[in-house]
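Below you'll find the structure, written out as structure tokens, and then a few comments.
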Amino acid sequence: MSPLVLCSLIVIITLAVSGAAKAKEPASTATAIVNLDLDRWVPMKLAAAALPWVEILLALWLLFAPGLLGVIGAAAVVALFLIYWLVILRAVVAGNTASCNCFGGASTAPISGYTLARNTALLGASLGALGAAIITGHSVVGMLTRVILRDGLWLGGAALLALALWSMYRSELTAPASAPGGSSAAAGAAPAQGISEDFVRAQDEAEEQADYVRLPIPYGALSNPALNTTTNLRELAILQARVLFWVTPGCTPCMHVLDHISDWQKRLPMLKLNPVVSTVDWVERLGVGDDIEVLVDEDYRTEALFGHGTPLAVALGSDGLMAGGPVIGSGDIIRFMEELLAEFDA
């Protein structure tokens, strides 16, 4: 067995931990893309959804694939770590000290020279893993199996040591869950006597709202033919929090949404409501009132960041984060707006 298998183990553990952390908190990957100023080139939603599973897949590939397949997997890992290294190098050179969220929400430390040193070590380990795959022709499992057969007691002791150290580290990070007032509460327990059903229902609704992950507003632009200007979504939201409705003239469900838009705008003066069409020629065909400003998304390129089909609605917060949606279909959009009305009325 080549000593380079230690490099393979470092890479496998790193990819597995990183992928699991990113999968647990998809928003952390999207935030990292924004922090590293990559959102103009990297599709944020796709990367946030795919990157965790790419890392986990590469860890499993390196663990089990022998021969040429193992070499290909190790080469892919080298390419991935080289990209990570270049991204961090760019950030360090630019003086960017935002968090890279390299291990999901579990890592929020600012980027520094230590981050670059860590990624340099991981890039070196990935090269060592590639060397191990080429030299031995065995998967990591295959190499470890030979060690177990020859030096099983040593390997078992090392595994117990690693487990003990990891358990002690985790036990220091895990705080006991407790109910207000310091007493522990079992999850899913029946409501205590004296707690009303309305209170329980309100708790359930709050938990459902907490499930919504607020991602950064993606990079995309819309034009305003009335002002002859083009503005990206984040700048639009900074000017005023708003709801955008992608619609098509002649689309019956779209008309159902547009029939309500003037009333919604009057009842939600703190928000800006904007229908969005794909060409300037369609602006006049919508037939909305003068109080409603129609924006243009050429060929629905920006809409593609959220989905396809009309009507489609998204809410943009003035803090640079998505505030709701995307919601597709007239019925769901009307319910979405009714929830907004109820929230602001409350």
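The values are calculated or read from the model by the stated rules, or taken from the named source; none is laboratory data. Small disclaimer: the values here were computed from a predicted structure and weren't measured. Ideal geometry is used to build each Cβ from the backbone, glycine not excepted, and the neighbour counts take in all protein chains shown. Accessible surface is based on the protein model in full, side chains and every heavy atom, while ligands, DNA and RNA are left aside. Shrake-Rupley method; radii C 1.70, N 1.55, O 1.52, S 1.80 Å.
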Query - Phi-based couplings in Hz for region 332-337 (Karplus 6.51, -1.76, 1.60; Gly and Pro marked x) - result: 5, 5, 4, 5, 4, 5
Query raised in the report: Within a Cβ distance under 12 Å of I334, other residues only, what is the Lys/Arg minus Asp/Glu net charge?
Result: -4
Requested in this report: Measure off, as a whole percent, the carbon and sulfur share of the 1.4 Å-probe accessible area of region 249-346, all protein chains present.
Outcome: 50 percent
Report task. Would you mind computing Rg(Cα) / (2.2 N^0.38 Å) for region 75-114, counting N as its residues? Result -> 1.21
Report summary line: Restricting to Cα pairs under 8 Å and 6 or more apart, the percent relative contact order of region 232-346 works out to 33 percent
Query - Cβ-defined net charge surrounding Q265, 10 Å radius [Lys, Arg +1; Asp, Glu -1] - result: 0
**Report entry** Calculated P(r) of region 45-123 - Cα pairs past 18 Å, %
**Finding:** 49 percent
Requested in this report: Mind checking which lysines have their Cα closer than 25 Å to the Cα of K24? Skip sequence neighbours fewer than 8 apart in that chain.
Outcome: K45
Query raised in the report: Measuring from centroid to centroid over Cα atoms, what is the spacing of region 273-297 and region 34-111 in Å?
Result: 41 Å
Query raised in the report: Out of residues 5 or more away from A323 or on other chains, whose amide H comes under 5 Å of its own, with H placed 1.01 Å from N in the peptide plane?
Result: A315, L316, G317
**Report entry** In sequence order, calculated HN-Hα J values of region 115-128 (Karplus, 6.51, -1.76, 1.60; Hz; x Gly/Pro)
**Finding:** 4, 5, 4, 4, 5, 5, 5, 5, 5, x, 5, 5, 5, x
Report summary line: Largest-first ranking of H138, H308 by accessible area, probe 1.4 Å, whole protein assembly kept, is H308, H138
Report summary line: Accessible-area order for T14, T230, largest to smallest, probe 1.4 angstrom, reads T230, T14
Query raised in the report: Using the Karplus equation 6.51 cos²θ - 1.76 cosθ + 1.60 (θ = phi - 60°), what ³J(HN,Hα) coupling, rounded to whole Hz, does each residue of region 15-27 give in order, writing x for Gly and Pro?
Result: 5, 5, 5, 5, x, 5, 5, 5, 5, 5, 10, x, 4
Query - For region 220-273: span of alpha carbons on each principal axis (Å, largest first) - result: 30, 25, 19
